[in-house]
Amino acid sequence: MSEQRITTKRTLVKFGVQTTTQIAGKGASTTWEIIKVPIGTDADGNPIMSDCFFCEWVGSYGAAAIQQQAEGVKRSARVRLPYVKAVYDALTTKQTRIYLYGKTDEAHTFVLASDADDYLERHKFIEFQVKHYGGK
């Protein structure tokens, strides 16, 4: 079997997970919390956190794109990125949004169109499909 790898990691994405809290006397409040992971430590030993992830973002085309357009999907893509446990856990267990270029506006917000795949369970990279229903 040929080895799969990510060819380009040039597209910035951020991930948001849905959190709902109960506010006394007001009801529930739902927000989207950006996933942050430690990427190292500073000189004092404090963790340095990052919410930016770089991935291979490939737009859908052909039969898959035509079928998704028939279902009302405006834009779709395949996403591959190096394995990050916090991201994989969020994609598989929580309501997650994907923010293209790190922008949290409607035009750049995508949702999962497929399950996230830890390719061959090797913890090398994650692959999944995303979709966007919004307008122009």
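The values are calculated or read from the model by the stated rules, or taken from the named source; none is laboratory data. Please read these numbers as outputs of a predicted model, since none were measured by experiment. Note that each Cβ is placed from the backbone with ideal geometry, even for glycine, and that neighbours are counted across all protein chains shown. Heads up: the accessible areas ignore ligands, DNA and RNA and are worked out on the full protein's heavy atoms, side chains in. Shrake-Rupley method; radii C 1.70, N 1.55, O 1.52, S 1.80 Å.
GNM remark for the chain: springs join alpha carbons under 10 Å apart, and the peak mean-square fluctuation among LYS36, LYS85, LYS26 falls on LYS26. A 1.4 Å probe run over the chain, with the rest of the protein chains in place, finds 65 Å² accessible per residue. Treating r as the C-beta distance of ALA107 and ALA24 and R0 as 35 Å, the FRET efficiency rounds to 0.50. With helices as the sole contributors, the chain gives -3500 deg cm²/dmol at 222 nm; each DSSP H run of n ≥ 4 counts as -39500 (n - 2.57), and the sum is divided by every residue.
Placing dummy labels 7 Å off each Cα toward the beta-carbon, the span from TRP32 to SER50 is 2.2 nm.
Dipole check for the chain: with +1 at the C-beta of Lys and Arg, -1 at the C-beta of Asp and Glu, and the Cα centre as origin, the magnitude is about 400 Debye. GNM on the chain, alpha-carbon springs under 10 angstrom: the most fluctuating residue among THR30, THR109, THR11 is THR30.
Highest GNM mean-square fluctuation among ARG80, ARG122, ARG97, for the chain modelled with Cα contacts below 10 Å: ARG122. Between the residues ALA28, GLN18, PHE54, the greatest Cα displacement towards the positive end of the dipole of the range 18-75, with unit charges on the Cβ of Lys, Arg, Asp and Glu, is found for ALA28. The packing ranking, built from the mean of other Cβ atoms within 10 Å per residue, places the peptides 55-63, 124-132 in the order 124-132, 55-63, highest first.
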